[in-house]
Amino acid sequence: MKIAFVGKGGSGKTTLSSLFIRHLAATHAPVVAVDADINQHLGVALGLDEAEAAALPAMGAHLPLIKDYLRGTNPRIASAETMIKTTPPGEGSRLLRIGEDNPVYRACARTLPLDNGSVRLMATGPFTESDLGVACYHSKVGAIELCLNHLVDGRGEFIVVDMTAGSDSFASGLFTRFDMTFLVAEPTRKGVSVYRQYKEYARDFDVALQVVGNKVQGPDDLDFLRAEVSDDLLVAFGHSDWVRAMEKGRAPGFEELEEPNREALRTLQGAVDGSYERRDWQRYTRQMVHFHLKNAQSWGNAKTGADLAAQVDPAFGLREFAPAESSAATPAPA
């Protein structure tokens, strides 16, 4: 199951995504956590110190390896150099599973022990001084978009992505790659402004969106959020001494998180589990192809010198694979 946490800067989305990751890990479910935010704070929120977090391998730095592995023997892709962030899989492509061992995880992921489990942690990479004036941050998140396009995850396994702040993810098709998007909103006018943007942008793409209130201090805050986002409000998190201690680098065991906030995390998982029955792999594949063709026409063909529309395999459709099946892509059943 693919889950995104989005929201304006300072809303607490990294904190809440880290709590949800800890919650899932405590159930011993397979979890991949991805820091796709420009500020790269997820590793610290999960207990790494600053030096350890800074030493995480950047997915963007391993993009040639990722492309070469995912390309496999797909005859429609002439070379890894012609792959862009939206390139879809086809017959012969290699697909990713959350719990498997593969060169992408070996290069880009680090296993992080948590209180009652562990997660694979990946990071798109920070926006560095050398990027200023010559690159855009969307080039950093291209690696995770490519991986999500080739991911065939199933029930009971999770990839949780801490997204870049605001509505920046709409610069690509990345926002359509998730089974559930949790938008973290504070009970303020600015806090719900990103919700309105996201709701409007996502309307035509059937994106499952739920609002998670954060820093809610009382009934008035809760009433404000309900009035602003209506039925999209799923749950709200209040003050947490545990989170305050975690932010100081001395959090107690996760089992000591306050019960109301633990119950809120169970509500998030319930929403994710419920979204499984609404999965539509045909729509997922169709949207993936839609954004690839848009990117190919607007910049991809010119950049690669190739007709990237030819990379689309009309006979191929993503689907969930049984554990015993090969990771090589095959056409969807008729």
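A few comments on the model shown:
- Given their separation in residues at 0.36 nm each and the Cα-Cα distance between them, Arg266 and Gln217 gain 15.6 nm when the chain is fully extended.
- Per-residue packing, averaged as other Cβ atoms within 10 Å, sorts the ranges 222-233, 248-259 into the order 222-233, 248-259, beginning with the highest.
- Size of electric dipole in the stretch 193-232: Cβ of Lys, Arg +1 and of Asp, Glu -1, about Cα centre, debye, nearest 20: 120 debye
- For the pair Arg155 and Ala309, a Förster radius of 30 Å applied to the C-beta separation gives a FRET efficiency near 0.35, rounded to the nearest 0.05.
- Extension gain for Thr111-Arg226 works out to 37.5 nm (0.36 nm per residue, less the C-alpha to C-alpha distance).
- Anisotropy class of the stretch 155-258 from Cα gyration tensor, a/c 1.5 cut: oblate
- Annotation: the antiparallel percentage among DSSP beta bridges lying fully within the chain is about 20.
- GNM result for the chain, Cα springs below 10 Å: residue of His292, His23, His239 fluctuating most strongly: His239
- Extended-chain gain in nm, criterion 0.36 nm per residue less alpha-carbon gap, Thr27 and Glu320: 103.3 nm
- Listed by chain and number, the lysines whose C-alpha is less than 25 Å from the C-alpha of Lys13, apart from same-chain residues fewer than 8 away, are Lys2, Lys85, Lys140, Lys190, Lys199, Lys215, Lys248.
- Residues Asp101 and Ser79, FRET efficiency given R0 of 35 Å [Cβ-Cβ distance, rounded to 0.05]: 0.85
- Gyration tensor verdict on the stretch 231-310 (Cα atoms; rounded if a/c is under 1.5, prolate if a/b is larger than b/c, oblate otherwise): prolate
- log₁₀ of I(q)/I(0) at q = 0.14, 0.15 Å⁻¹ - the chain, Debye sum with one point per alpha carbon: -1.13, -1.30
- Helix-only CD estimate at 222 nm, as mean residue ellipticity for the chain, using -39500 (n - 2.57) per DSSP H run (n ≥ 4): -10500 deg cm²/dmol
- Rolling a 1.4 Å probe over the protein heavy atoms of the chain, with every protein chain left in place, gives an accessible area that is 50 percent carbon and sulfur.
- Solvent-accessible surface of the chain, averaged per residue with a 1.4 angstrom probe and all protein chains in place: 44 square angstrom.
- With the simple model of a label 7 Å out from the Cα in the direction of the Cβ, Lys248 to Ala55 spans 2.7 nm.
- Summarising the overall dimensions of the stretch 72-122 from its C-alpha atoms, the Rg and Dmax are 14.6, 46 angstrom.
- Antiparallel DSSP beta bridges within the stretch 1-137, as percent of all bridges there, nearest 5: 50 percent
- When the charge dipole of the chain is built from unit charges on Cβ atoms (+1 for Lys and Arg, -1 for Asp and Glu) and taken about the Cα centre, the candidate among Phe254, His239, Val160 whose Cα reaches farthest toward its positive end is Val160.
The values are calculated or read from the model by the stated rules, or taken from the named source; none is laboratory data. Predicted model only: the values in this text are computed from it and were never measured. Here Cβ is always computed from backbone atoms with ideal geometry, including for glycine, and neighbour counts include all displayed protein chains. With ligands, DNA and RNA removed, areas are computed over all heavy atoms of the protein, side chains included. Shrake-Rupley method; radii C 1.70, N 1.55, O 1.52, S 1.80 Å.
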